[in-house]
Each structure stands twice: as structure tokens, then as C-alpha cells.
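For reference, the structure discussed in these notes is given below.
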Amino acid sequence: MTMTEFRPAAGDYAPYFEGYVAAAETGDILIYLTAQKDEAVGFLKSIVWEKWELAYAQDKWTLAEAVLHMIDTERIFAYRALRIARGDTTPLPGFDQDTYVPRSGAALRTPASIVDEFAAVREATIQLFKNFTEEMWERRGVAADAEVTALALAFIIAGHTTHHLRVIRERYLAL
């Protein structure tokens, strides 16, 4: 039995992330992340180019910026999981998504390049996590001033993606 057959418990992550953890409705995070990758790539490829350039409201990100935010966040959270899994006890800083997004270069990218990057980042995340031992999954560290386990970070990544895919469906595609 591997740690991917478990869910993080309360106290394994900051309360702020409860919605993301709950959104990843699975007992096997690796299967979930893989299926989510396939579903997300197919879904994102189906969105017409013009939608990628639009924001659903004033002062909101464009669809391209939202997907690049998903990619940036996954990279950062996977990096946190790597450091924690390897036993690095150095507290890890938070990050300001509102600083990252305007500097993402989204307007210079094609939807296909963004989808390809999402697929590559997700595959790297899956490859990282599939080689974690039970001990690595259970290790705790501090990120953004809160204690978190590597397992919780995997669920947060999955739930964060679920959240943004739902926002894309409900707000961006309703334009």
C-alpha cells in the first residue's frame, strides 16, 4: 500500500487549502492527477482561440493568464513537495500570484503552447510523485508560514486545477 491510497488529514495543510483538498475526490492521487491531465488537455484544446484572449470581467485575468497561473502554481507547489519530501526543513516562502500573472507573457503565447506546457508540467509532477516513498509522502515542512505534508501538496495541486477548470467552464466559456 502506498501513501497515494490515503488522503491528507486536517492539520496536514493550512485551512485555506481545505477547498482544494476536498475538490480532489480520490484515494489515489497519482491516478487522479493522470486522469485530470488527460481531461484538462482535451478540454483546453477544445476552446476556440478567441476565448483565450478574453477576461470574464474587468480586472480579471484572461483565460490564457488563468491557465498560466495554474501552471506556475503547480510548479511552485511541486517544488515545495520535492523539498519537503527530501527532508529540507528550510521554511519556504509564499508567492504573489498577482505579480506572476502580468509577467507571464500570456498575450504573446498561442493556446497550443500553453496547453503543451500544462501537459509537460503535469507529467513532471506525476513523475516526481510516483517515485515518492511512504516516508516522503508523510514528511512535513513549512511553506508560506504553514505546516504542510508532501501528500497534502499533491492534493492541493489537483484541487487547484479542478477549481480553475470549473471557473473556466462557468465564467470564461459563458461569455
Exercise. Which value, to two decimals, describes the C-alpha radius of gyration of the chain once divided by 2.2 N^0.38 Å?
Worked result: 1.02
Problem set entry | Charge dipole of the stretch 19-172 about the Cα centre (unit charges at C-beta), most positive-ward option of Phe77, Phe132, Leu54 | Leu54
For this session: Quick one: compute the contact order of the stretch 19-172, relative version, from alpha carbon pairs under 8 angstrom and 6+ residues apart, as a percent.
Result: 42
Exercise. Calculated from DSSP H runs of 4 or more alone, at -39500 (n - 2.57) each and per residue, what is the 222 nm mean residue ellipticity of the chain, nearest 500?
Worked result: -17500 deg cm²/dmol
Problem set entry | Trp49-Val167 FRET efficiency (beta carbon distance; Förster radius 22 Å; 0.05 resolution) | 0.70
Exercise. Dipole size in debye (nearest 20) for the chain around its Cα centre, Lys and Arg Cβ +1, Asp and Glu Cβ -1?
Worked result: 260
For this session: Quick one: among Gly42, Gly159, Gly141, which has the greatest mean-square fluctuation in a GNM of the chain with alpha-carbon springs under 10 angstrom?
Result: Gly42
Problem set entry | Span from the the stretch 83-124 Cα centroid across to the the stretch 1-50 one, whole angstrom | 16
For this session: Tell me the label-point distance for the pair Glu18, Gln97, using the 7 Å Cα-to-Cβ offset, in nm and rounded to one decimal.
Result: 1.9
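Throughout, read-outs are computed from the coordinates displayed, never taken from laboratory work. Only a predicted model underlies this, so the values are computations on that prediction, with no experimental measurement involved. Don't worry about glycine lacking a Cβ; one is built from the backbone with ideal geometry, like all the others, and counts go over all protein chains shown.
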